[in-house]
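Just so you know, all these numbers are worked out from the coordinates, no wet-lab data involved. The structure presented is a predicted model; accordingly, all values stated were derived computationally and were not measured. Glycine gets a Cβ as well: all are built from the backbone with ideal geometry, and neighbour counts include every protein chain shown.
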Amino acid sequence: MTAKKLRAALALFCLGLGSVSPGARRPAPAWWDLVLRLKTEGDYRVEEPGTLFSGTFRLAVRWAGRLEPDEDDYLLVRFENKLTGWEIRETPPAAGSFRIMSQKDIAARPAFNLQYVLKKGGSLYLEFFIEGFPVPLNLFAENFPLHLPCSEEIGLKPGGIGYNLSLVEGSNRIAIPEDEIFRGPVKKSFSWTWKRQEWVSRQNRSIFTAGSHKVSLTVTLTPHQEEVNSRH
């Protein structure tokens, strides 16, 4: 092969290498739009001899913000944290009818807290909890915390109720492979079912408490190449 033909062959070879994986030359995203949509519905029950309080609830949350690279880690910037739906129905004892209470009717309401993004083992873990309030809402009843969804890492923290121990189906591990967010938009769905029952002693009385809920969660990450400040 002549020198001229060799140079031409090398040029074609280099062009071929460049077309194999153009994504490899693509710069890393400057930031990502992050949106979480969570829905849950459940029930609770407080029972002692001669008295029963029970209720059901449903809620929906939308969290929107931005995920930014921070050296080897990530930063969360929140734009929106909205309770898009909230309803609770409680049946007082012997009444035989329920009353519907929304956030307009009661001062207490659930609060969604997305605390941080944990980078571990090649994945990003989104860690959150939803803060509840005491139930039943009847002022004359013994009340207990309304247990609401939380992510796996939060459920393992000492001093809590051991949320993860009461999962009966699915998983609350909200993990996204890190390499996927560099290749394009990512949309992941998660779901689980939680149920807990226990007897509690209050003032020499044994009270039965129970609660359960089902959760569906969707996480969307959309990469952007331009600098963050260019949005404004």
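Over 22 Å between Cα atoms: which of K157/K188; K120/K195; K39/K119; K188/K214 fall into that group? The pairs that break the limit, which is 22 Å between Cα atoms, are K157/K188; K120/K195; K39/K119. Annotation: amide H-H contacts under 5 Å for L146 (H modelled 1.01 Å from N, sequence separation of 5 or more, or interchain): F133, V135. The packing ranking of peptides 133-144, 201-212, 38-49, highest mean first, is 38-49, 133-144, 201-212, where packing means the average number of other beta carbon atoms within 10 angstrom of each residue. Note down the Stokes-Einstein diffusion coefficient of the range 27-226 in µm²/s, whole number, using a Kirkwood radius over alpha carbon pairs, 10 °C, and 1.306 mPa s. In µm²/s, the coefficient is 86. Residue by residue, the range 210-224 carries 3J(HN,Hα) couplings of 8, x, 7, 7, 10, 10, 10, 9, 10, 10, 10, 10, 10, x, 9 Hz when phi is fed to the Karplus relation 6.51 cos²θ - 1.76 cosθ + 1.60 (θ = phi - 60°); x denotes Gly or Pro. Rounded to whole numbers, the Karplus 3J(HN,Hα) couplings from phi for the range 37-53 are 10, 10, 10, 8, 9, x, 8, 8, 8, 10, 9, 9, x, x, 9, 9, 10 Hz, using 6.51 cos²θ - 1.76 cosθ + 1.60 with θ = phi - 60°, and x at Gly and Pro. In a fully extended conformation the segment linking A107 and T84 would gain 6.6 nm over its present Cα-Cα distance, using 0.36 nm per residue.
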